[in-house]
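Worksheet for the structure shown next.
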Amino acid sequence: MNKFLNISSLIKKEFVIFSSIFLISLFLRLFDISSRAMHHDESLHVFYSWKLFEGLGYSHNPMMHGPLQMELTSIIFSVIGDSDFSSRLLYVACGSLLVVMPYFLIKHINLIPCILISLFLAVSPTITYFTRFARNDVLMNLFSVILIILIWNYLSNRNSKNLYFISLILALIFGTKESSYLIIFMLVSFNLLNIGYLGFFHFKIKTYSNYFSFSELTIIQITSGISKETIKVFKNSLMNRTNNNYVSITLLLVSITLPLWAAFSGIIFNFLPLEINLVSHEINSGIGLPDEKNRVLAIFITGFLFFISILIGVRWGQLVWIKCSILFWLIWTVIYTTFFTNITDGIYKGLWQSLGYWIVQQGEGRGNQPFYYYFILSSIYELAVMIISVLAIIYYIKIKKIKPTDFTFFLIFWVISSWTVYTLASEKMPWLLFNITVPMIFLSGKLLGDILITLNSKRKTVYKSILICAICIILIFNLWITYRVNFINSDIPKEMLVYTQTSPDLKSISDAINTYKKSSNEETNILIDTTSGFVWPWVWYLRDNNNVAYKNLKSEGLDQSNLDVLIIHSMNVSKLSTQINQEFEDPIVFPHRWWFPESTYRDLNFSTITNVIFEPQKIVKLFDYLIFANGISDKIGSEDAYLYFKSDFPDVTIISQNLK
């Protein structure tokens with residue numbers, strides 16, 4: 001009876017702790033969620049969600065990644081209406097759920113580390129910012145963590161139910177974003193490492209049983225022997241699903257998703273002396289799609305991969321694999337055809353262009369950031385977990401000497417592979433820091449939790465108290481940075497994390513336009529100059545206004561008669577007629593889009609770093625920025641627009657003038 005009461009008490013305690021952390025994270029993500037101006041990328045996602053909600057359908061466009069986020073947001077719109085608040089609600093919900101996911105890892109890494117991981121996730125500046133942001137990175141990380149939990153559950157108990165849930169989550173991941181290929185590559189690599197480790201173990205036993213030692217063998221003999229034993233592990237597991245769990249997970253991940261890798265053949269053909277273009281760079285033929293003359297070849301490659309997928313899957317998993325495959329492809333098809341409303345185009349683009357488009361984009365190298373970009377970002381926003389994760393790698397590998405089968409080893413592998421993949425990728429953006437921060441937090445929380453457990457068991461009360469105080473300081477400091485980034489500078493590029501952002505003035509102007517009523521009670525006629533992509537986010541803000549004209553004045557003429565409001569790119573103001581000053585009030589100039597000054601971190605070298613270290617004044621400025629984000633406002637860059645309006649237009653507060 002006492003044992004039952006203790007277990008019941010523990011369950012209740014865990015529930016209270018994780019529920020409290022969930023509520024804290026929900027508050028940080030939900031409070032004042034609609035105040036930030038809609039970012040360019042956000043407006044794309046929510047506008048097409050709104051069009052789907054309005055019954056105008058959605059056709060998959062790989063530029064915006066997978067269709068899932070648009071489909072889920074449109075469902076939210078249908079329940080509570082379309083607004084800035086509801087457009088970000090999906091990401092808030094997923095971000096809050098991500099925070100409590102460590103609860104499901106308690107049996108793998110103990111309660112205390114899981115609590116610490118949840119706390120760090122809750123107050124992380126990076127994670128909080130991008131879970132208040134209509135981008136799919138939070139969905140990807142939530143699904144990835146769930147996938148990892150399911151895989152480790154299967155590795156622990158071999159329950160086939162986990163395989164079905166893994167297939168479901170895989171479909172959601174591939175329906176969300178193309179970084180899914182990186183996740184599968186990482187997970188398969190980790191499993192192959194463990195299979196190779198098992199092959200090494202078998203070879204080692206066989207060597208010693210024949211009275212040999214490794215010193216008596218050549219490198220070729222050792223490599224050959226390990227390879228043979230590893231292949232033997234694969235062969236045995238291919239015939240018997242319960243033989244090796246790592247092989248089972250590898251075969252499931254590879255066989256089910258194999259057809260989606262078809263566009264990767266475009267890279268292979270680029271190295272061959274053949275005129276075959278399977279991933280086009282041309283807009284007219286569809287970026288990432290094969291040329292028209294090569295489409296039959298693309299269909300053949302995809303069909304062949306389906307055949308190989310079925311061959312491997314059925315031989316390995318038989319009925320279990322068939323069920324997993326049906327589950328995966330049914331959900332995938334629903335997502336890419338937008339509930340079967342766009343079947344042919346959705347399946348074709350989903351199978352090929354999803355990957356093909358981003359293969360092409362890697363050649364573009366958007367952002368053109370230096371290789372140390374994520375190190376700088378992490379140093380500003382995730383310094384503590386970056387340092388702790390480095391210490392954790394050293395501690396667990398050098399001191400604890402953990403094996404590849406240990407979950408902690410996986411956390412180390414996750415951190416290292418994430419840093420490696422995203423550093424090597426040509427496209428570097430601040431939202432991708434999310435994918436590096438999550439594994440660092442998991443590993444950091446694991447280390448701090450393990451040390452606390454060890455100190456407690458050895459009754460080292462003083463050291464335990466010091467460590468708890470240090471953890472509290474880290475959490476409080478992170479909470480301050482989170483507050484600064486999300487509630488002071490959320491749309492002001494004093495923060496490197498903000499990168500490039502719609503000016504908060506647009507939100508003020510759009511509110512004024514939407515409340516503007518002419519004295520004649522006629523509808524307001526508005527012109528938006530779309531030069532340099534200025535169509536975004538206006539199409540979202542003015543979605544309910546029927547009298548909006550969008551024109552690129554860089555290439556088109558302007559008829560300003562019957563217009564009440566004009567928003568003109570600064571480069572096209574000179575094209576306006578002289579009558580503009582007679583018909584409209586003096587224009588308001590405002591930054592339409594502004595960005596963090598990249599000159600502050602580009603071209604760093606040993607000399608510039610040592611100059612900062614040995615000059616106290618520069619160190620003071622550096623800390624002033626790290627803590628308060630001061631000293632950079634006058635360097636902010638911008639692309640400006642002019643607002644022309646009639647005399648009865650509502651007053652507009654331009655706050656950017658006081659911020660730059």
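The values are calculated or read from the model by the stated rules, or taken from the named source; none is laboratory data. These numbers were taken from a predicted model, which means no experiment stands behind them. Positions of Cβ are backbone-derived with ideal geometry, glycine not excepted, and every protein chain shown enters the neighbour counts. For the accessible areas, the whole protein counts, side chains as well, though only heavy atoms, and no ligand, DNA or RNA atoms are used. Shrake-Rupley method; radii C 1.70, N 1.55, O 1.52, S 1.80 Å.
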Pairs, please: C-beta under 7 Å, at least 6 apart or cross-chain, first residue under 16 Å from Gly66 (Cβ atoms) and without any contact (Cβ under 8 Å) to a residue 40 or more places away in the chain and in the range 325-345, second small (Gly, Ala, Ser) and assigned to a helix (DSSP H, G or I)? Thr337/Gly346
Selection from the range 178-192 of residues of a type in the set (Ser, Thr, Tyr) and part of a loop (DSSP other than H, G, I, E, B) yields Ser179
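Conditions tested, residue by residue: (1) basic (Lys, Arg); (2) open to solvent by 90 Å² or more (accessible area, probe 1.4 Å).
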position	(1), (2)
Val573	no, no
Val589	no, no
Pro597	no, no
Arg602	yes, no
Thr608	no, no
Phe614	no, yes
Asp624	no, no
Asp634	no, yes
Check the range 295-314 and report whether any residue there is under 21 Å from Leu155 (Cα atoms), part of a helix (DSSP H, G or I) and without any contact (Cβ under 8 Å) to a residue 12 or more places away in the chain. yes
For the range 254-294, name all the residues that are at pLDDT 90 or above, assigned to a helix (DSSP H, G or I) and hydrophobic (A, V, I, L, M, F, W, C). Val254, Ile256, Leu258, Leu260, Trp261, Ala262, Ala263, Phe264
Every residue from the range 77-88 that is in contact (Cβ under 8 Å) with a residue 40 or more places away in the chain and either assigned to a helix (DSSP H, G or I) or among the hydrophobic types (A, V, I, L, M, F, W, C) (or both): Asp84, Phe85, Ser87
Between residues in the range 637-658 that are in contact (Cβ under 8 Å) with a residue 40 or more places away in the chain and residues that are open to solvent by 60 Å² or more (accessible area, probe 1.4 Å) and among the charged types (D, E, K, R), which pairs lie under 8 Å by C-beta distance while being six or more apart or on different chains? Ser638/Lys660; Tyr644/Glu585; Phe645/Glu585; Lys646/Glu583; Lys646/Glu585; Ser647/Glu585; Phe649/Glu585
Unique residue being small (Gly, Ala, Ser), farther than 30 Å from Ile526 by Cα, modelled with pLDDT of 90 or more and open to solvent by less than 80 Å² (accessible area, probe 1.4 Å) when the list is Ala641, Ala629: Ala629
Residue check for Ser59: closer than 30 Å to Leu260 by Cβ and open to solvent by 10 Å² or more (accessible area, probe 1.4 Å): yes
Residue, nearest to Ile655 (Cα to Cα), within the range 595-643, restricted to residues that are assigned to a strand (DSSP E or B) and touching a Lys or Arg at 6+ places or on another chain (Cβ under 8 Å): Ser638
Criterion violated by Ser656 - all others in (1) open to solvent by less than 30 Å² (accessible area, probe 1.4 Å); (2) at positive phi; (3) small (Gly, Ala, Ser) satisfied: (2)
Of a type outside the set (Val, Ile, Thr), open to solvent by less than 50 Å² (accessible area, probe 1.4 Å), assigned to a helix (DSSP H, G or I) and more than 30 Å from Leu351 (Cβ to Cβ), is that true of Ser74? no
For the range 286-326, enumerate the residues that are exposed (fewer than 14 other Cβ atoms within 10 Å of the Cβ) and polar (S, T, N, Q). Gln318
Scan the helices (runs of 4 or more DSSP H) fully inside the range 447-544 and keep the ones with 2 or more residues being open to solvent by less than 40 Å² (accessible area, probe 1.4 Å) and at pLDDT below 95. 504-515
Any idea which residue in the range 158-173 is farthest from Met429 (Cα to Cα), counting only those that are open to solvent by less than 10 Å² (accessible area, probe 1.4 Å) and of a type in the set (A, V, I, L, M, F, W, C)? Leu163
